[in-house]
Amino acid sequence: MRQTGTVILILALLPLFGVAQEYKSYSVRKDRLVILLSGGELDIVPLTAKAVRVIWSREKAKPDSELILINKPPAPAFHCSERASALLLSTGAVTVSFDKATGAIDYQDVSGRVFLREKAGSRKLRPDSVMGEPCFVAEQSFESPGDEYLFGLGQFQDGNFNLRTEYRRF
């Protein structure tokens, strides 16, 4: 009986071990919200009123050159605010909410409806290497309602468009 109680306690505490990104502080820059966590830095960068880029880095050093967004548009108007439990970055169309306790991010439209929710503790960077060069393996998960359709991975020509119940092995 005692062993069963110990197993239940360990299983109940597992989510706490996965959340290694404890909130420390934040700052607002002219083009982004910078959140310092115990495991690195999380930047929330508004690109347009409807597009937000999230950059998670464990290292203080940033890359010398940008490989994804080479033509950087000017930052749209945005507003940051702090609540007891969350940090918010709002543009004219979306609000990004960072939960201080869990580290998870929610994305809301102007009516306050959450249209994307990150699973708490799922944002991970694991050190690795490719051809002898150091890199990180990235992992992140999002909540997905049971009736949501998931499209993508167009390289498969098998006729399956909704990949919700499909298993793909690469």
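The values are calculated or read from the model by the stated rules, or taken from the named source; none is laboratory data. Not measured: the values here are computed from a predicted model. Cβ sites come from the backbone with ideal geometry, for glycine too, and all protein chains shown count toward neighbours.
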Scan the range 116-137 residue by residue and report those that are exposed (fewer than 10 other Cβ atoms within 10 Å of the Cβ) and farther than 20 Å from residue 39 by Cα. 130, 131, 132, 133
Identify, by number, the condition in (1) touching a residue at least 12 places away in the same chain (Cβ under 8 Å); (2) on the phi > 0 side of the Ramachandran plot that residue 162 doesn't meet. (2)
When only residues in the range 124-147 that are farther than 21 Å from residue 43 by Cα and not in a loop (DSSP other than H, G, I, E, B) count, which is modelled with the lowest pLDDT? 134
Of the residues 121, 112, which is among the small types (Gly, Ala, Ser), modelled with pLDDT of 90 or more and over 18 Å from the mean Cα position of the chain (by Cα)? 112
Only one of 150, 69 is at pLDDT below 85, exposed (fewer than 13 other Cβ atoms within 10 Å of the Cβ) and under 22 Å from residue 57 (Cα atoms), namely 69
When the range 84-109 is examined, which residues are found to be more than 16 Å from residue 26 (Cβ to Cβ) and either at pLDDT below 95 or not in a strand (DSSP E or B) (or both)? 91, 92, 93
Neighbours by Cβ (under 6 Å, 6+ apart or cross-chain): first from the range 77-104, exposed (fewer than 14 other Cβ atoms within 10 Å of the Cβ); second assigned to a strand (DSSP E or B): 79/90; 81/88
Where a residue in the range 34-59 is touching a residue at least 40 places away in the same chain (Cβ under 8 Å) and over 15 Å from residue 106 (Cα atoms) and its partner, wherever it lies, is aromatic (Phe, Trp, Tyr) and not in a strand (DSSP E or B), with Cβ under 9 Å and at least six apart: 49/78
